[in-house]
Structure formats: structure tokens, C-alpha cells
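Just so you know, all these numbers are worked out from the coordinates, no wet-lab data involved. All of these numbers come straight from a predicted model, not from anything done at the bench. Quick reminder, even Gly has a Cβ in these numbers, built from the backbone with ideal geometry, and neighbours come from all protein chains shown.
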Amino acid sequence: MSLQVETTERTDVVDVTGEVAAAIPDGVDRGVCTVFVPHTTAGVVVNENESRLLSDLDGWLDALAPRGEGYAHDELDDNAAAHLRAMLLGESVSVPVVDGSLDLGTWQSILFVECDGPRTRSLDVAVASR
Ligand code: ZN
């Protein structure tokens, strides 16, 4: 199933935990939920949705992949830093499903990380039952 995610900033974090949980089909008791970002300038992580931490993430991405560093890809569409940030973040996460629910840790959320917004994005959710 594909979810839609609206981002509102160039770099933006959207907590999609609730939407992903709602996408688990009825009848799945145990399994694995894979969340996949079908884009090259956005990523997904499992971490804490805490505003100061998300601000730190913004600064960390700026430090690791600053914009306007003369990247070769910028000659094409001026978003090389966004691609590099997405590579650091990764394009998928897998979360166990137990008793039909996401078995996340107390402080864990599924966070979609936009690196080249604002845009309307897709997010694929696949649940394998076992
Ligand atoms: Zn590009």
C-alpha cells in the first residue's frame, strides 16, 4: 500500500507512525512491516520524535552534506546535497509486528525525512505475515 506524505519545508520531518500502523492489514498477528521511500531525495528512520533532536538532525545534515559545495550533480538540478542526505538516512526501515501492532520501543517513531521539499511524497508500506 502506498501512503501520501505532504512536506512543507525544504528539510522536514513527518511522523508517519500512525499512518503506517493503520496500514497493517486486519488479520496480521505477527510479521514484519517494511516502510520504503521510493524517492532519491528523502529518507526514513526510526528514532525519537523530539523537537530539539529534530533540530539537531537538521544541523547535522547541514554539516555532513552542506548545500552549494560545487557538487557535480548540482549542474543538473541543483539538489546534490539532498541526494547525499537521503543516502545517509536510508530508504527503508523494517519494524516487527506483534499482536497486530507495530512493536516499536517506547521512544521510537517512524520518521519520514524530506531533504528537498516541500513536495508531495509517496511512502510504500508492505507487511509480511509469519
Ligand atoms: Zn537531483
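List of remarks:
- Averaging 1/r over each pair of different alpha-carbon atoms in the chain and inverting the result gives 15.3 Å, the Kirkwood hydrodynamic radius.
- Most to least packed among 26-32, 9-15 [average Cβ atoms within 10 Å]: 9-15, 26-32
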